[in-house]
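Worksheet for the structure shown next.
The values are calculated or read from the model by the stated rules, or taken from the named source; none is laboratory data. Just so it is clear, the model here is predicted, and its values are computed rather than measured. Neighbour counts are summed over all protein chains in view; Cβ atoms, including those assigned to glycine, are modelled from backbone coordinates with ideal geometry.
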Amino acid sequence: MRSTGGFHGRRIQKTGGSTYIISLPKNWVTSRGLHEGDVLLFSPRSDGSITLYADEGPRADSVKRSIEVSNDMDEDHLFRRLIAEYIAGAPLLEIRTPGRMSPRTRNIVRGFAQRMIGPEILEETADAVVLQDVVGANPLPIPSVIRRMHQMVRAMQSDAMAAFHGRDASIAKDVVERDWEVDRLHWFVEKQVTMALRDARALTSLGLTLPDCATYLLASRVLERIADHAVKIAETVEMLGKEEPPTSVVESLDKLHAIAANGLSEALDALDSGDIARANAVVDVAHRVTREREKILHELATKRGRLAVALAYVLESVERSASYASDLAEIAINHAVALRDSAPPVAASTGKS
């Protein structure tokens, strides 16, 4: 046996005509309470490695998790606590209060269940609500979720600018409400990645490597942030009122918005294809947006009142969206390089037939 830096080496041995075996470290076997005749499960990974774990029957996270909250807890604090529990991945979550649960607390829990992907109310009593994650062990493919998030964010960006152009409060309100859809997809990705980090079986069910999971989680966060900036643009509609923005400024903002939106699409395509040159082009364009932003700010310096403030908010959100697209492009570059480094070496040709 060879042991280095916490890794245990074992020589492959051949027994019989076609069977290969290796021995297991004794401390690993005994620390998990395993004995002769117990079953071990192997999970082949896309990077060529194999994950080994004991067949321990029901998964440890299948046990119901129970938390106690107070009826006078701040609504935002309670909601954030429920999100944290959701991301932790317990399939059964009991929310309990000391004494009877108030209608206010119960409504917060119900609203949470309606907004998340997976949780459904399984049981209600006077002092508790039990949520069950109905998504279970068959999650949506994370790359598909990222694509769906992108479609939603692009639509929000387009509608936010349409609301800004027409000072249309109804479109602006719709953009704000759709932000929840992007949030819930981001929290879903975060939950799946958290479960994959904790359990090799969850990782296997995703069909991704751990570096893949980290990359998609970063991409999800970028998309969620860009959606927030679409909301900020939509919220300037109320601030503008009946004010008429200068045509030159509006045209400049439209131009920068189109660059930022296109950069986001290009960055996501670069992530999918591993195209480093394409990703670098997105980063370069983001720098251009930053330079153009300074010119528009110079013109806004001549304006006054809430018109100037509203236009500055739009400009800032457009510039930040381009910057986040640049961040996604850098994530794409890092992922492409990591994939190339982890690819198995290609055997050199001898030139003989």
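Residues satisfying the criterion are absent from the stretch 44-59 (criterion: at pLDDT 75 or above and on the phi > 0 side of the Ramachandran plot).
Do we have A281 as assigned to a helix (DSSP H, G or I), on the phi < 0 side of the Ramachandran plot, surrounded by 15 or more Cβ atoms within 10 Å (Cβ to Cβ) and in the same structural domain as V314 (by TED's automatic domain parsing) here? Yes, satisfied.
One residue stands out among those in the stretch 60-83 that are modelled with pLDDT of 95 or more and within 22 Å of the chain's Cα centre (by Cα): the one that is surrounded by the fewest Cβ atoms within 10 Å (Cβ to Cβ), which is D76. A single member of Q151, Q157 is assigned by TED's automatic domain parsing to the domain that holds K255 and surrounded by fewer than 16 Cβ atoms within 10 Å (Cβ to Cβ), and it is Q151. Within the stretch 92-117, the set of residues being in contact with a Ser or Thr (Cβ under 9 Å, 6 or more places away or on another chain), farther than 9 Å from N71 by Cβ and crowded, with 20+ Cβ neighbours inside 10 Å comprises L93, I95.
Beta carbons closer than 6 Å, at least 6 apart along the sequence or on distinct chains, pair a first residue in the stretch 177-197 that is within 13 Å of I142 (Cα to Cα) with a second that is assigned to a helix (DSSP H, G or I) and acidic (D, E) for H186/E224.
What do you reckon, is F164 in contact with a Gly (Cβ under 9 Å, 6 or more places away or on another chain), among the aromatic types (F, W, Y), part of a helix (DSSP H, G or I) and in contact (Cβ under 8 Å) with a residue 60 or more places away in the chain? Answer is no for this residue. With respect to (1) surrounded by fewer than 21 Cβ atoms within 10 Å (Cβ to Cβ); (2) farther than 24 Å from L82 by Cα, the lone exception for L197 is condition (2).
Determine whether the stretch 225-234 contains at least one residue that is without any contact (Cβ under 8 Å) to a residue 24 or more places away in the chain and among the aliphatic types (A, V, I, L, M). Taking every residue of the stretch 225-234 in turn, none turns out to be without any contact (Cβ under 8 Å) to a residue 24 or more places away in the chain and among the aliphatic types (A, V, I, L, M).
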